[in-house]
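Here is the structure we will look at.
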Amino acid sequence: GASLLASVSLLSSAAMAQTVGFSQIGSESGWRAAETTLTKQEAEKRGIDLKFADAQQKQENQIKALRSFIAQGVDAILIAPVVETGWDAVLEEAKDAEIPVILLDRTVDSSKDLYLTAVGSDLEHEGKVAGDWLVKDVGDKQCNVVELQGTTGSSPAIKRKAGFEAAIAGHDNIKITRSQTGDFTRAKGKEVMESFLKAENGGKDICALYAHNDDMAVGAIQAIKEAGLKPGTDIKVVSIDAVPDIFQALAAGEANATVELTPNMAGPAFDALKAYMDDKKEPPKFIQTESKLYTQADDPKAVYEEKKGLGY
Ligand code: AHR
């Protein structure tokens, strides 16, 4: 009986992808680092040999990594694409080699039949949730907003901007007065916020900051404090990701709201891959993760404790 069971489980695991290449963008944010950690953990849990390639923010490195995965004959590829455009050729090469590709957290503008599925949040909806929060919070008051955008050309930067703009459309009291990329990093977020503060009467003309991720918000909070203003009060702060550090800022009253993005995209991705490889089950083209709003009212200290250790 035991040996029959062992050979059955051997047979079923043989069908699942054994070697998966993962082309990661880099480690620009706390969220990104957690996604890397969790992807490695999820692969290990499932006995998958994960070949990891860090692209250092460069699309050309991601294309090279994909070509090398194809040459090695991996069973499947995961990619978090740094920008939206320019993937057709390499995705076609993977398709010709019959290697399924799964997109993680960011999308591409290529035809849907060039990849198996995409796991991620509704990026435009995230921006809308952030904007809706601000609309409600400011009421009829005049509010000049400064915006820290994510990496230029990346799907989250494009869609989070569009979603936020849709939320404030029709509310003439709310205006985006400055908008620039902070590349999703803490250092760039701080640097660009410093220039916004200088340009806007030392910050006195800014009512709110919208940052496309928490790391840039954390950098900007530091800049606001150094300018002698109170983040969270003088300048409202709303951002996206829900990393542990933003909960410390929420608890200290220095941030106001964040929209959660789960860093565990690999769990659903590997599940879809297994169903596809083992049972020929075609997954939907988009596997959506949740986008939950957190504010100072959501016991940020407790959430901070919960979040630490979940890949962060
Ligand atoms: O693609 C997801 C975004 O990339 C996260 O919101 C940001 O922190 C990361 O760098």
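Since every read-out is calculated from the coordinates, none of them should be taken as a lab result. Remember, it's a predicted structure, so these values are computed and weren't measured experimentally. Every residue, glycine as well, gets a Cβ built from its backbone with ideal geometry; the counts of neighbours run over all protein chains shown.
Overview of results
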item: Those residues of the stretch 247-268 which are under 15 Å from the mean Cα position of the chain (by Cα), farther than 17 Å from Lys128 by Cα and crowded, with 24+ Cβ neighbours inside 10 Å, in sequence order; result: Pro263, Met265, Ala266
item: Some residue of the stretch 167-186 being part of a helix (DSSP H, G or I) and farther than 18 Å from Leu293 by Cβ; result: yes
item: Every residue from the stretch 211-237 that is farther than 9 Å from Lys190 by Cα, within 16 Å of the ligand (Cβ to nearest atom) and not charged (D, E, K, R); result: Ala211, His212, Asn213, Val237
item: Residue that is farthest from Thr151 (Cα to Cα) [pool: residues in the stretch 81-103 that are within 14 Å of the ligand (Cβ to nearest atom) and surrounded by 23 or more Cβ atoms within 10 Å (Cβ to Cβ)]; result: Leu103
item: Residue list for the stretch 259-281, restricted to those being free of Cβ contacts under 8 Å to residues at least 60 places away in the same chain and not small (Gly, Ala, Ser); result: Glu260, Asp271, Asp279, Lys280, Lys281
item: Given (1) within 30 Å of Ala272 (Cα to Cα); (2) within 16 Å of the ligand (Cβ to nearest atom), index of the condition Leu148 fails; result: (1)
item: Given (1) within 11 Å of the ligand (Cβ to nearest atom); (2) surrounded by 17 or more Cβ atoms within 10 Å (Cβ to Cβ), number of the condition Ser27 does not satisfy; result: (2)
